[in-house]
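What follows is a single structure, written as structure tokens, with notes after it.
What follows is calculated from the coordinates using simple rules that are stated; it is not laboratory data. What you see is a predicted model; the values in this text were computed from it and never measured. Note: ideal-geometry Cβ built from the backbone for every residue, glycine included; neighbour counts use all protein chains shown.
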Amino acid sequence: MSETQTTQSLSHAILTDDHAAAWMGLELLAVGDGTATISMQLRKEMLNGFGIAHGGMVFALADTAFALSCNPAEGSADTITVASGVDINFLKPGIPGRTLTARGERVAQQGRSGVYDITVTQSTPSGEDEVLAIFRGRSRTIPKPA
């Protein structure tokens, strides 16, 4: 797929059986070759003891955008691309009720290894987006498990 999909028929093979993504209420906003954009509403059960976004929830959002960016939307019969390592930097607290958006983009690909950057933003009351976290993922394409 060479162009980004942004139609109502938008789908990704990974999301078919992704129960975590369903629980998080993820919405697929765009997907293309090496890119994906998803969003979710930050709900109270996603907060930590300080009343802000649990880091694991922000990570899960970014990790899902990473997986969607690494794998073709139609899926593959022979291979899957998985994380070989990731880093995340949390820059601001996630505020309850706000919409968090993760945008993934391939930075480099060599053979079966790739590097992807995911930027997580949150909406502000003024309607602007502010950067909440930066995630860098390293991927590896492997044979599909039997």
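If you compute Rg and Dmax of the Cα atoms in Å for the structure shown, which of [x] 15.9, 58; [y] 14.9, 43; [z] 15.0, 49 do you land on?
[z]
Going by C-beta contacts inside 10 Å, put Phe50, Phe135, Phe90 in order with the fewest on the left.
Phe50, Phe90, Phe135
Check each of the trypsin sites (Lys or Arg not before Pro) in the range 37-105 and keep only those in coil by DSSP with at most 15 other C-beta atoms within 10 angstrom; list them in order. Before the final figure, lay out the partial values.
Working: sites: Arg43, Lys44, Arg98, Arg103; in loops: Arg43, Arg98.
Sites meeting the loop and neighbour criteria: Arg43.
Give me the net charge of Pro96's neighbourhood, meaning all other residues with Cβ under 13 Å from the Cβ of Pro96; Lys, Arg count +1, Asp, Glu -1.
Net charge in that neighbourhood comes out at +2.
Among residues other than Asp87 whose Cβ falls under 11 Å from its Cβ, what is the net charge (Lys/Arg +1, Asp/Glu -1)?
On the way: positive: Arg136, Arg138; negative: Asp117.
Net local charge, Asp87 excluded: +1.
What is the sum of charges, Lys and Arg at +1 and Asp and Glu at -1, for the other residues whose Cβ falls under 14 Å from the Cβ of Leu42?
It works out to a net charge of 0.
In what sequence do Ser39, Ser11, Ser69 fall when counting other Cβ within 10 Å, fewest first? All intermediate terms of the calculation are to be shown ahead of the outcome.
Details: Ser39 20, Ser11 13, Ser69 28.
Neighbour counts put them in this order, fewest first: Ser11, Ser39, Ser69.
Using DSSP loop states and a limit of at most 12 other Cβ atoms within 10 Å to flag GluC sites (Glu not before Pro), what is the longest stretch of the chain containing no flagged site?
Free of exposed loop sites, the longest segment is 4-73.
Label Leu91 and Val115 with points 7 Å out from Cα along Cα→Cβ: what is the distance between them in nm?
Using points 7 Å along Cα→Cβ, the separation is 1.8 nm.
Can you sort Val86, Val107 so the residue with the fewest Cβ neighbours within 10 Å comes first?
Val107, Val86
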